[in-house]
Amino acid sequence: MLGRSALLVVTLLPGPALAEGFEPVESKGQFLELIGDRVLRIGLYDLSLRVLSDGRIDGSAMGWAITGNWTWQDGYFCRSMDWSGTVIDHNCQLVEARGSDAMRFTVDQGSGESATFRLR
């Protein structure tokens, strides 16, 4: 059985995204316009995140609370989080959007694993 920290890595980094039609989000303003008051969701993992305009992140995954902070730096979404006591290290991520219904986050400034979220 996976430990909580290993499970979170799997949850937040489910593998390379295969879906096409994503366009880069190039500015904080564009990001905030797309995210609005919406929730980022990955239903399979019961993962819900709210990325707030004041720089906070809150949500839950598999029944455990997620908190964190984010900034927009040099064209990347940079965040640090905590999953109910498990630290998720700071990372800057490439953000891409497919219309107004999905966002893909790719770690290590776009060179790592990706996670695709539904916007609700």
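Since every read-out is calculated from the coordinates, none of them should be taken as a lab result. Just so we're clear, the structure is a prediction, and the values are computed from it rather than from any experiment. Positions of Cβ are generated from backbone atoms using ideal geometry, with glycine treated the same way; all protein chains shown enter the neighbour counts.
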To the nearest 0.05, the calculated FRET efficiency linking ASP89 and GLU33 through their beta-carbon distance, R0 being 25 Å, is 0.35
With label points built 7 Å along Cα→Cβ from the Cα atoms of GLN109 and LEU52, find their separation and express it in nm. 3.0 nm
